[in-house]
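Peer 1: Let me give you the structure first, and then I'll get to my questions.
The values are calculated or read from the model by the stated rules, or taken from the named source; none is laboratory data. Predicted model, so just to flag it, every value in this text is computed and none were measured. Reconstructed Cβ throughout: ideal geometry from the backbone, glycine too, with neighbour counts over all protein chains shown.
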Amino acid sequence: MLLVTKDMVVSVHYELKVDKDGELVVADKSNPAQPLVYIHGAGMLLPDFEANLAGKVAGDAVDFVVSAENGYGIRNEQDIVSIPIDSFKDAEGKLDTNVIKVGNVLPMMDNQGNQFQGIVCEITPDAVIMDFNHPMAGKELNFSVTVVEVRPATAEELAHGHVHGPGGHQH
């Protein structure tokens, strides 16, 4: 059996649980018909996720926890920003309340062209308060993972940095 090591294509089923009001709830999971497929060691996934799968073989199941610091980071209150409401209005000065509403995730760009995803937290007459923290920032990540398949990556996959074929990128 092939071990999960650097440059291997690994297929896994996973379930991610996070704490919500003192209870672990499912935040994400793989589709039973479509496992998550990645190249081990290519930096596609959280380093702690890959570290916990290193040395495993197809059929192995593992449960592990990734700290907030090693996951998506600690929440940073400086990443909650007040943006003038005029920045969201169209040429006629109207606000699209179907798009600009509390809870919506909006793609944003700074003046250097960097792109960010922000969650609308609050709308006031003068500003839109947005949270640019990752939705999983500050959360301990509880994973249950089963290795489905392990195979060597092809030279083309390694050159492109992603998996080709079923579960991967199609060219």
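Peer 1: Check segment 55-78 and report whether any residue there is surrounded by 11 or more Cβ atoms within 10 Å (Cβ to Cβ), free of Cβ contacts under 8 Å to residues at least 60 places away in the same chain and either in a helix (DSSP H, G or I) or of a type in the set (A, V, I, L, M) (or both).
Peer 2: No: segment 55-78 contains no residue that is surrounded by 11 or more Cβ atoms within 10 Å (Cβ to Cβ), free of Cβ contacts under 8 Å to residues at least 60 places away in the same chain and either in a helix (DSSP H, G or I) or of a type in the set (A, V, I, L, M) (or both).
Peer 1: Being part of a loop (DSSP other than H, G, I, E, B) and out of contact with any Lys or Arg (no Cβ under 9 Å at 6 or more places or on another chain) is the filter; apply it to segment 38-54 and report the residue that is farthest from Ile129 (Cα to Cα).
Peer 2: That would be Gly43.
Peer 1: Can you tell me how many residues within segment 19-37 are farther than 12 Å from Val148 by Cα and part of a strand (DSSP E or B)?
Peer 2: Number of matching residues: 10.
Peer 1: Hey, another quick one. In segment 95-121, what count of residues is obtained for those that are within 13 Å of Ile80 (Cα to Cα) and at pLDDT below 90?
Peer 2: 1
Peer 1: Tell me yes or no: at least one residue of segment 110-119 is aromatic (Phe, Trp, Tyr) and outside the structural domain of Asp48 (by TED's automatic domain parsing).
Peer 2: yes
Peer 1: Oh, and also: Scan segment 150-171 residue by residue and report those that are surrounded by fewer than 16 Cβ atoms within 10 Å (Cβ to Cβ), modelled with pLDDT of 90 or more and not in a helix (DSSP H, G or I).
Peer 2: Within segment 150-171, Arg151, Pro152, Thr154 meet the criteria.
Peer 1: Report, by residue number, each residue of segment 79-95 that is part of a loop (DSSP other than H, G, I, E, B) and hydrophobic (A, V, I, L, M, F, W, C).
Peer 2: If the condition is that a residue be part of a loop (DSSP other than H, G, I, E, B) and hydrophobic (A, V, I, L, M, F, W, C), then Ala91 is the only one that fits.
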